[in-house]
Amino acid sequence: MAITYANLKGNSFLHRCTTALLLALGMTLSGTTSATDWPMAGANPQHTNRSTAPVPRSPHIAWQTQTDGPVYAGPAITRHTILVAGHDKRVWALNVATGSVRWKQELGEAISTTPAITGNIVVVGAKDGFLTALDTRGGKIKWQIKTERKIISSPIIDQGAVFVGSNDLHLYAIDLASGEVHWRFLTHGYTYSGLFSPPTADNEKIYIGTKDGEFYAVYRDSGKFAWKTDVGSSVYRAAMLAGERLYVSSYDRRIYALNSANGAVVWRTPVLDDWPMGTPVMVNSTLYVASRSGKLYGLSAASGEIKWRDDLGVSVGHGFVVGSNQIGVIAATDGELFAIDLQNQRRLWQKNLSGPIKAPLAISSHGLVAVTEDGVVTLLR
């Protein structure tokens, strides 16, 4: 196990990332990740929260598995395995077909981040400040790095590199294969601010918001500052990237559309009824987002105008996940799941699980995965 803590010297960053990507693609977990998997928070580095697999139209519970503690982070899914991490300090690997435990690995502190997977590597951050890479075949630790404060930001993996924020106010770029820290970028926030949201990536830049309401863009090859924009209040959810725009949920009760090239505010919504609780999801030029009080909004992606709304009547903690059949699912904190036909903007089905749901959902070709606060993992088909 290698523990590294270094800054970038990184002329060879892109070369090393490409090499690591090729290594990762050559590895398998009884096969590689595929387009119908959900390998990280938000489904991909752009946080589209959309799957190429459909949402079940008449779901039933295929299986349920109890982990050993509270779970507040979403699952990640590869072809044969679901990875879940929780406050029991463990990463759990479950057989996606049966729910049986393949392995579990205990780390040093509670985990509130969604794992990120590619090939035979899964990466997860914990509240002791460690970012850990595990071998997906048995859970053995491959490498760790130590940041100076807890990690709440879910890591993403893109082009052979891992990107993650820490509450030490730094955004990190790490070589996937070796765990070498290529660079770390210091955001400017008050001491007990931090980076809670996962990063978002394109081919040129990495984007992340801070607790003090600043949204940053950093060049991915060098870690150099690109631009910064004030988005009014704390950013706790990942931005969604679509084309040349970033869509950001802010705790000033607005959604912001930013130009990804320069950070200019293209539009911002009127003040919503409550805090937006998830990353906006785009379907047919409409952005869907839910507020904490359970109001669902459909916004024009072009202008931010509110085009549609619904009221679930219960509070929610995260946003939509959307399947290939344009059915979106959202979880309420009381344990209810709501499916919305987004083509017709109407409710399709509702299902109640046994406990509060405070973690994001995930979709794959195997079905819909939900994790309740008490650590029960449920697959619905």
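The values are calculated or read from the model by the stated rules, or taken from the named source; none is laboratory data. Note that the coordinates shown come from a computational prediction; the quantities given were computed from them, not determined experimentally. Note that each Cβ is placed from the backbone with ideal geometry, even for glycine, and that neighbours are counted across all protein chains shown.
Return yes or no: is D252 touching an Asp or Glu at 6+ places or on another chain (Cβ under 9 Å), more than 20 Å from S153 (Cβ to Cβ) and assigned to a loop (DSSP other than H, G, I, E, B)? No. In segment 361-378, the residues that are over 18 Å from I117 (Cα atoms) form Cβ pairs under 8 Å with partners that are part of a loop (DSSP other than H, G, I, E, B) and of a type in the set (D, E), at six or more places apart or across chains, as follows: G375/D68; G375/D88.
For segment 257-268, which positions are surrounded by 21 or more Cβ atoms within 10 Å (Cβ to Cβ) and touching an Asp or Glu at 6+ places or on another chain (Cβ under 7 Å)? Before you say what the answer is, go through the steps one by one.
Within segment 257-268, the first condition is being surrounded by 21 or more Cβ atoms within 10 Å (Cβ to Cβ), and the residues that meet it are 257-258, 260.
Selection gives S260 alone.
Quick check on my filter: what residues within segment 356-378 are within 19 Å of the chain's Cα centre (by Cα) and aliphatic (A, V, I, L, M)?
Pass one, segment 356-378, residues within 19 Å of the chain's Cα centre (by Cα): 357-365, 367-373, 375, 377-378.
Within segment 356-378, I357, A359, L361, A362, I363, L368, V369, A370, V371, V377 meet the criteria.
Name the one entry in G304, G223, G313 that is in a loop (DSSP other than H, G, I, E, B), in contact (Cβ under 8 Å) with a residue 12 or more places away in the chain, surrounded by fewer than 18 Cβ atoms within 10 Å (Cβ to Cβ) and not β-branched (V, I, T). Result of the check over G304, G223, G313: G313. Looking only at residues of segment 269-290 that are over 18 Å from the mean Cα position of the chain (by Cα), within 24 Å of W38 (Cα to Cα) and not aliphatic (A, V, I, L, M), we find that the one that is surrounded by the fewest Cβ atoms within 10 Å (Cβ to Cβ) is N284.
Residues that are over 25 Å from G319 (Cα atoms), in contact (Cβ under 8 Å) with a residue 24 or more places away in the chain, part of a strand (DSSP E or B) and out of contact with any Ser or Thr (no Cβ under 8 Å at 6 or more places or on another chain) occur in segment 209-219; there is at least one.
The condition (being in contact with a Pro (Cβ under 9 Å, 6 or more places away or on another chain) and either modelled with pLDDT under 95 or surrounded by fewer than 22 Cβ atoms within 10 Å (Cβ to Cβ) (or both)) is satisfied by just one residue among T78, T114, T98: T78.
If you check T378 against the conditions, is it closer than 21 Å to S100 by Cβ, surrounded by 20 or more Cβ atoms within 10 Å (Cβ to Cβ), touching a Gly at 6+ places or on another chain (Cβ under 7 Å) and hydroxyl-bearing (S, T, Y)? The answer is no for T378. How many residues, within segment 159-188, are in contact (Cβ under 8 Å) with a residue 60 or more places away in the chain, among the small types (G, A, S) and assigned to a loop (DSSP other than H, G, I, E, B)? Going through segment 159-188 one residue at a time, the tally reaches 4.
Checked against (1) surrounded by fewer than 24 Cβ atoms within 10 Å (Cβ to Cβ); (2) closer than 20 Å to A370 by Cα; (3) aliphatic (A, V, I, L, M), V124 passes all but condition (1).
What residue, of S197, S178, is among the polar types (S, T, N, Q), modelled with pLDDT of 95 or more and surrounded by 18 or more Cβ atoms within 10 Å (Cβ to Cβ)? Lay out the reasoning, then the answer.
Working: S178 fails: surrounded by 18 or more Cβ atoms within 10 Å (Cβ to Cβ).
Residue meeting the stated conditions: S197.
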